[in-house]
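Have a look at the structure below before the remarks.
Derivation of every value follows stated rules applied to the coordinates shown; laboratory data play no part. On a predicted model such as this, the values are computed, not experimentally measured, just so you know. Reconstructed Cβ throughout: ideal geometry from the backbone, glycine too, with neighbour counts over all protein chains shown.
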Amino acid sequence: MELFTAGLLSLEDARSRMLAQISPLRDSETVAITAAAGRITAEAVVSPLDVPPFANSAMDGYALRAADFNRDHPLTVAGKAFAGAPYQGEWPAGSCIRIMTGAALPPGTDAVVMQEQTESSDQGIRILAPIRQGLNIRLAGEDIRQGASVLAAGVRLGAAELPLLASLGIATVRVLRKLRVAVFSTGDELQPVGEPLAAGQIYDTNRFAVHLMLDALGCEVLDLGIIKDDPGALRAAFQQANAAADVVISSGGVSVGEADYTKQILDELGEISFWKLAMKPGKPFAFGRLPDSWFCGLPGNPVSAAVTFYQLVQPLLACLTGQQGEALPARMRARASEVLKKTPGRLDFQRGVFSRTTEGDLQVRSTGHQGSHVFSSFSQANCFIVLERERATVQPGEWVEIEPFNALLGG
């Protein structure tokens, strides 16, 4: 086995080598928050105000002053305070204010007693529970202080972040410009989806899948189509892509076939950092540098292309946009519920289905045949089963690591 895996770079070393070379982009633009979904913050966002902007009630109940509290004597109700309509009259001694959740506190309020802890009578409101200073009071700035950083640079804006900005009255946000990614497939056997197949041809699914994943990551995609197995055509495609994009992604042409010219052209136009990995699927993955862009060469097999994009290209793109926390997929432990076939020598990403047992433990099973051409396994799976490089066949009940799919693969 060492004969066939010697010299192959581990996934961890490959990813570290890639990310060590990357510096985040700096170009940015200002956009309305209504158009900022999926964009990446270019700088920290600072709150222009306190949240809440004024002290208010956390409960429907009664606002009172400590000096007026007497458990044995009811308090008269001097008036009412509503959210958006604060109490503005005089507040006589020995009285309380009926107050609703979110309403501004009348000056002098020490506590708010919730309605359920009071008793109403003709004499007024009797307090039935102990009170303490600050009871059921939300202080100004208790959630966010004016001038505080609410979002760091490098945050992807979504349904959790954009409403926060809206609540602060922030209408625009500074974001990184979109990454420009050029994609193309290589191979005389490839035919665009929708066109009739000639003898020996297959449909170009890899470029379609890569385009979808780039869209999900918010990239601006330049689709150069299918490039034939011709050195001149491939060289022209690389030159066009390099001039227009931050990252160039090709599919196919990085193995050792007679018509695989990608490595040859890359050696001519730029430099290759590595192009063989000790992982399965995805051994023939290439990473390098063109004069003005980064290059990722995905394998031609559909599953291999998807796995290497997920494990290597996705963290590279995250690093380019400053999303350091998004660089590595999260892993968990689960018990294998069946035999998982594995030969030592390469890190193996098998497609699996994880679930929770009645006892609350995680278990995982295979989707079946794990060939690098069986793309249907992704539609059946919800995770990768990550089997270590030197691990052999896994027996039922053994612990394995899993990576639940994120949104790129339908997680």
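Per-residue Cβ neighbour counts within 10 Å put Cys319, Cys296 in the sequence Cys319, Cys296, beginning with the fewest.
Computed about its Cα centre, the charge dipole of segment 278-411 is approximately 300 debye, with only Lys, Arg, Asp and Glu carrying charge at their Cβ. FRET efficiency for the pair Gln115 and Glu12, taken as 1/(1 + (r/R0)^6) with r the Cβ-Cβ distance and R0 = 51 Å, rounds to 0.30.
List the relative contact order of the chain as a percent without decimals, with contacts defined as Cα pairs under 8 Å and 6+ residues apart. Don't skip to the answer; put the middle values down first.
Values: 902 pairs, mean separation 62.1, N = 411.
That works out to 15 percent.
Note on segment 53-111 and segment 343-368: Cα centroid distance 58 Å, given to the nearest whole angstrom.
Order of Met114, Met332, Met279 from fewest to most other C-beta atoms within 10 Å? Intermediate results must be reported in sequence, preceding the final value.
Values: Met114 16, Met332 13, Met279 24.
Final ranking by Cβ density, sparse to dense: Met332, Met114, Met279.
Full extension of the chain between Met332 and Leu49 yields a length gain of 97.9 nm, computed as 0.36 nm times the residue separation minus the alpha carbon distance. Sorting Phe287, Phe375 from the fewest to the most surrounding beta carbons within 10 angstrom yields Phe375, Phe287. Putting +1 on Lys and Arg Cβ atoms and -1 on Asp and Glu Cβ atoms, find which of Pro299, Pro163, Gly252 reaches farthest to the positive end of the dipole of the chain. Ranked along the dipole, the leading option is Pro163.
Quick check on the chain: of the DSSP beta bridges with both residues there, what percent are antiparallel, nearest 5%?
Working: 53 of 81 bridges.
Restricted to the chain, the bridges split so that about 65 percent are antiparallel.
Packing, as the average of other Cβ atoms within 10 Å across residues, places the peptides 193-205, 32-44 in the order 32-44, 193-205, highest first. As a rough guide to protection, the peptides 386-396, 236-246 ranked by mean Cβ packing within 10 Å, highest first, stand as 236-246, 386-396. The mean of 1/r over all pairs of different alpha-carbon atoms in segment 230-358, once inverted, gives a Kirkwood hydrodynamic radius of 16.4 Å.
Taking the DSSP bridge list for segment 262-368 and keeping only pairs wholly inside it, about 75 percent are antiparallel. Choose one of Ala334, Ile402, Ser149: the residue whose Cα lies farthest towards the positive end of the charge dipole of the chain (beta-carbon charges +1 Lys, Arg; -1 Asp, Glu; about the Cα centre). Of the candidates, Ala334 comes out farthest on the positive side.
If I stretch the segment between Glu142 and Ala233 completely, what's the gain in nm (0.36 nm per residue apart, minus their alpha carbon distance), one decimal? Mind dumping the intermediate values first?
On the way: separation 91, 0.36 × 91 = 32.76 nm, distance 6.22 nm.
Fully extending the segment from Glu142 to Ala233 adds 26.5 nm.
Please check: in the Gaussian network model of the chain (C-alpha springs, under 10 Å), which one of Arg351, Arg126, Arg331 has the largest mean-square fluctuation. Largest GNM mean-square fluctuation: Arg126. Under 5 Å from the amide H of Gly345 lie the amide H atoms of Glu390, Arg391, each residue being 5 or more positions distant or on a separate chain, with H modelled from the backbone and absent for Pro and chain starts. Each other residue within a Cβ distance under 15 Å of Gly200 adds +1 if Lys or Arg and -1 if Asp or Glu, for a net charge of -4.
In this simple spin-label approximation, Glu195 and Thr358 carry label points 7 Å from Cα along the Cα→Cβ vector, and these lie 5.6 nm apart.
Does segment 332-409 classify as rounded, prolate or oblate by the C-alpha gyration tensor (a ≥ b ≥ c root eigenvalues; a/c under 1.5 gives rounded; else a/b over b/c gives prolate, otherwise oblate)? It is oblate, given that a/c is not under 1.5 and a/b is not larger than b/c.
Rounded to the nearest 20, the size of the Cβ-charge dipole of the chain about its Cα centre is 420 debye, with Lys and Arg at +1 and Asp and Glu at -1.
Provide the packing ranking of 343-350, 131-138, i.e. peptides ordered by the mean count of other C-beta atoms within 10 Å per residue, highest first. Please list the in-between numbers first.
Details: 343-350: 20.1, 131-138: 15.4.
Sorting 343-350, 131-138 by mean packing, highest first, produces 343-350, 131-138.
Taking the helices alone, the chain has a mean residue ellipticity at 222 nm of -5000 deg cm²/dmol, built from -39,500 (n - 2.57) per DSSP H run of at least 4 residues and averaged over all its residues. Pick from His211, His369, His73: which residue has the top mean-square fluctuation in a GNM of the chain where Cα pairs under 10 Å get a spring? Answer for the Gaussian network model of the chain: His73. This model, with +1 at the C-beta of Lys and Arg and -1 at the C-beta of Asp and Glu, gives segment 332-409 a dipole about its Cα centre of some 160 debye. The residue list Ala81, Gly61, Ala37 was ranked by how far each Cα lies along the charge dipole of segment 37-121 toward its positive end, using unit charges on Cβ atoms, and Ala37 comes out on top.
Pair-distance distribution of the chain: all C-alpha pairs, bin width 10 Å, starting at 0; shares per bin in whole percent are 4, 18, 20, 17, 13, 10, 9, 6, 2, 0.
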